[in-house]
Amino acid sequence: MHARLIPIAAIVVAIASFGPPAVAQAPSMPPAPSMFSAATLAACAKIRDAALEDDYAYRRVADLADTIGPRLSGSPGAAAAVTYVQKQFQALGVTTRLQPIMVPHWVRGAEVAQLTAWPGQPQGLTQKVVVTALGSSPATPQTGIEAPVVVVPDFAALARLGQAGVAGKIVVFDEKFDVQLAHDGLAGQAYGNAVAYRGRGPAEASKLGAVAALVRSVGSADFRIAHAGQTNFRDAKPIPAGAVAAEDADKMARLSARGGGVRMRLILTPRTLPDAPSDNVIAEIPGREHPEQVVTIGGHLDAWDLGDGAIDDGAGVAIAMETAQLLAHLQMHPRRTIRVVAFMNEENGTRGGLGYADAEKAKPQNQVAAIEADTGASHPLGIVVNVSPAGERALRPLMSVLAPIGATAIRRVDDSPETDIGPLSELGVPTIGLMQDDRHYFDYHHTAADTLDKIVPREIAESSAVMAVVAYGLADADTTLPRVK
Ligand SMILES: [Zn+2]
């Protein structure tokens, strides 16, 4: 997911201020025409009620998480997920196809870290450090490396150390995830602040001659768990890179502050294989009046390999699949086409999102809106939108359909709210993400604890209702949202 702001205060205001009319009008002025007819809004209410009574989305994410499990791009799990989702679409009787793409193929190996020296170390003792390799990390030698540890709180501290303080060492970035900010309802912002270190910390350390780089896990979990994720070396020489549990980062910082030096032995043996063939899975509910005009909805099929990818992002795929199931079951056909896309490779390349947008770029005006679910399965509060101010106002009557589940909030942001639909946003397509209660999302995100038990069936049904209502509403509206570019 992208970093973004969802202040609870704003949500409360948005919910509290729901009601007619959203914009004050002089009595003599006619009300602004709505882009949604009464018939469209009634159809949306019917879809909402059907979604809330259906457990289809929960059963789909249960299959993805339990019977397939880890689905990193290029893996057997990712391939099985492609087949599974396409079979489900076929079972619904909707038109489906695969969109071939090439994906990075990175495979995790051994992961061992131990402190081998520290101030006050009893003779002959080592201490385990909980570590996981970051995506695109190269390997250490099979026997590992052993080097002094230098802990830095931020990029400025790294720069102050310079080459003299960094060369030949293992750099540990100790940027803390702001748990309070997340609990205040700004989890996306907390993630965005900390993930910069996972993204380019290892590259910055490499430029100063570090032999490896470790980041404090980007997440809010206790219980000494490592959060995986992608790092990018770009023009820097790749060096072994991993994430350590927050508790281990804290301990190394404390030991370093005692003086006398800390040393670590690190074994990471991931492999980067040649790019592998894979697919986006696409299904269509054709529009009855403008089949060439498309509302794209989706989630991402790939998932980090430590857990089962239940909340990131089996849930999003299942939520989008639910729209197809509802429309097939209710035999409803909006004016425009709704296209469901299970994107491949969001986590370590976005090749699915890029490939999809590439195929649309000849006629970008045919993409009238894109919606992605990629913030888990918790209770929805509304939507996050990258649309014009006029587009935001136009959406309000549609969101009123979601008042019974408390999901009427709209928050406007300056960039695509989700990753896979980002390339469509570049083509001027209005993009929309689900706004969900993400106060605990980053407890589990990219960890071994991303498993099905984190999903409450009622809540994923609510999120499915939001996706289906917004998708149908936009596909059946009298007009389309203004372009964003
Ligand atoms: Zn995701």
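The values are calculated or read from the model by the stated rules, or taken from the named source; none is laboratory data. These figures come from a predicted structure and were not determined experimentally. Backbone-built Cβ (ideal geometry, glycine too); neighbour counts: all protein chains shown.
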message = Any residue in segment 441-463 that is within 10 Å of ILE311 (Cα to Cα) sitting within a Cβ distance under 8 Å of a residue that is of a type in the set (Lys, Arg)? List the pairs, counting only those 6 or more apart or interchain.
response = TYR444/LYS454
remark   = Flagged in segment 416-443 as assigned to a loop (DSSP other than H, G, I, E, B), of a type outside the set (Ser, Thr, Tyr) and within 16 Å of the ligand (Cβ to nearest atom), in numbering order, are PRO417, GLU418, ASP420, ILE421, ASP438, HIS440
remark   = Exception for ASP178 within (1) modelled with pLDDT of 95 or more; (2) in contact with a Leu (Cβ under 6 Å, 6 or more places away or on another chain); (3) farther than 22 Å from ASP235 by Cβ falls at (2)
note = Within segment 438-478, of all residues that are farther than 15 Å from LEU402 by Cβ and among the small types (Gly, Ala, Ser), the one surrounded by the fewest Cβ atoms within 10 Å (Cβ to Cβ) is ALA448
request  = Search segment 286-299 for residues that are over 20 Å from ALA362 (Cβ atoms) and β-branched (Val, Ile, Thr) and pair each with any residue that is within 16 Å of the ligand (Cβ to nearest atom) and assigned to a strand (DSSP E or B) when their beta-carbon atoms are under 6 Å apart and the residues are at least 6 apart or on different chains.
outcome  = ILE297/ILE371
request  = Only residues in segment 393-406 that are at negative phi and in contact (Cβ under 8 Å) with a residue 12 or more places away in the chain count as the first member; pair them with residues that are surrounded by 20 or more Cβ atoms within 10 Å (Cβ to Cβ) and basic (Lys, Arg), Cβ under 9 angstrom, at least 6 apart or cross-chain, and list the lot.
outcome  = VAL401/ARG48; LEU402/ARG48; PRO404/ARG48; ILE405/ARG48
query = Exactly one of (1) surrounded by fewer than 21 Cβ atoms within 10 Å (Cβ to Cβ); (2) farther than 20 Å from ASP308 by Cβ is unmet by LEU481. Its number?
reply = (1)
key: Pairs with Cβ under 6 Å, 6+ apart, first in segment 233-258 and within 16 Å of ARG198 (Cα to Cα), second among the basic types (Lys, Arg) and in a helix (DSSP H, G or I)   = ALA236/LYS207
request  = List every residue pair whose Cβ atoms lie under 8 Å apart, where the two residues are 6 or more positions apart in sequence or sit on different chains, the first residue falls within segment 179-196 and is among the charged types (D, E, K, R), and the second residue, located anywhere, is part of a helix (DSSP H, G or I).
outcome  = ASP184/ILE8
key: Set LEU381, LEU354, LEU330: member being buried (at least 23 other Cβ atoms within 10 Å of the Cβ) and either under 15 Å from the mean Cα position of the chain (by Cα) or touching a residue at least 24 places away in the same chain (Cβ under 8 Å) (or both)   = LEU381
request  = Give the residues of segment 159-188 that are part of a loop (DSSP other than H, G, I, E, B) and touching a Gly at 6+ places or on another chain (Cβ under 9 Å), sorted by residue number.
outcome  = ALA167, GLY168, LYS169, GLU175, PHE177
request  = Please identify the pairs in which a residue from segment 409-428 that is on the phi > 0 side of the Ramachandran plot has its Cβ atom under 6 Å from the Cβ atom of a residue that is in a loop (DSSP other than H, G, I, E, B) and more than 13 Å from the ligand (Cβ to nearest atom), counting only partners at least 6 apart or on another chain.
outcome  = GLY428/ARG483; GLY428/VAL484; GLY428/LYS485
remark   = Selection over segment 264-303 where residues are more than 16 Å from the ligand (Cβ to nearest atom), surrounded by 24 or more Cβ atoms within 10 Å (Cβ to Cβ) and outside any strand (DSSP E or B) yields a count of 0
